[in-house]
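Chemist: The structure follows.
Each value in this text was obtained by applying a stated rule to the coordinates, not by laboratory testing. Bear in mind that the values here come from a model prediction, so they are computed numbers and not experimental data. For neighbour counting, all protein chains shown are included, and Cβ atoms are generated from backbone atoms with ideal geometry for every residue, glycine included.
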Amino acid sequence: MYKIGMGILVSSLVVILGTTLQVSGQAAEDAMCVPMGQILIEPPEGVEAKKSPVPFPHARHFLTGCRECHHKWTGEEKIQNCSTSECHDLIEPPQKPKKYLSYSDAAIKYYKYAYHQLCIGCHKEIKMANKAIEMSYKVVKNTLPAAGPSSCKECHVGEE
């Protein structure tokens, strides 16, 4: 009986909210629009691509907090692209780091290093955490999270 009542309540709310959104016509200009599909990560305008663009499945990353990637976002303004946010807007690479994914404060301003450190670094952390759990021989009730790609060919689809 309780489940039926909750089902009716939830269904009613969905209908009411859905109708309200349809009646209003369009979203407010300042409403946040979250891309649900693939975002194509490409070099900034005016930079010749040396590798293919990276398709980024934005919706797959929703369990990660927005500010993990959009670290300067306050939650009130429109989110900007990394290379236009005056954060990672260098279009010429500074001196290459001696150790991969170990960038100086100056080097991380280069858009490509920022993506590589954030994306590949996170995927490698997940992969290491999964490996540690597997090696512990603990019984895991849930499936371990997918680690995501961490090599050039996995991200830059079609590259040799």
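Chemist: Long-range amide H contacts for ILE41: which residues qualify at under 5 Å (H placed 1.01 Å from N, peptide plane, sequence gap of 5 or more or a different chain)?
Modeler: Amide H to amide H, under 5 Å and 5 or more residues apart or across chains, ILE41 pairs with VAL54, PHE56.
Chemist: So what are the ³J(HN,Hα) numbers for the stretch 135-147, from phi and the Karplus equation (6.51, -1.76, 1.60; θ = phi - 60°), rounded to whole Hz, Gly and Pro as x?
Modeler: Result, rounded to whole Hz: 6, 7, 6, 6, 7, 10, 7, 9, 5, 5, x, 5, 7.
Chemist: At 25 °C and 0.890 mPa s, what whole-number value in µm²/s does Stokes-Einstein give for the translational diffusion of the stretch 28-160, with Rh from the Kirkwood sum over Cα pairs?
Modeler: Once the numbers are plugged in, D ends up at 146 µm²/s.
Chemist: Relative contact order for the stretch 62-160: what percent, with Cα pairs under 8 Å and sequence separation of 6 or more?
Modeler: Relative contact order of the stretch 62-160: 17 percent.
Chemist: Here's a follow-up. Using DSSP to call loops (not H, G, I, E or B), can you name the GluC sites (Glu not before Pro) in the stretch 51-147 whose Cβ has at most 15 other Cβ atoms within 10 angstrom?
Modeler: Answer by residue number: GLU76, GLU77, GLU86.
Chemist: What FRET efficiency would be calculated for the residue pair ASN142, ASP89, taking the C-beta separation as r and a Förster radius of 41 Å, to the nearest 0.05?
Modeler: 0.55
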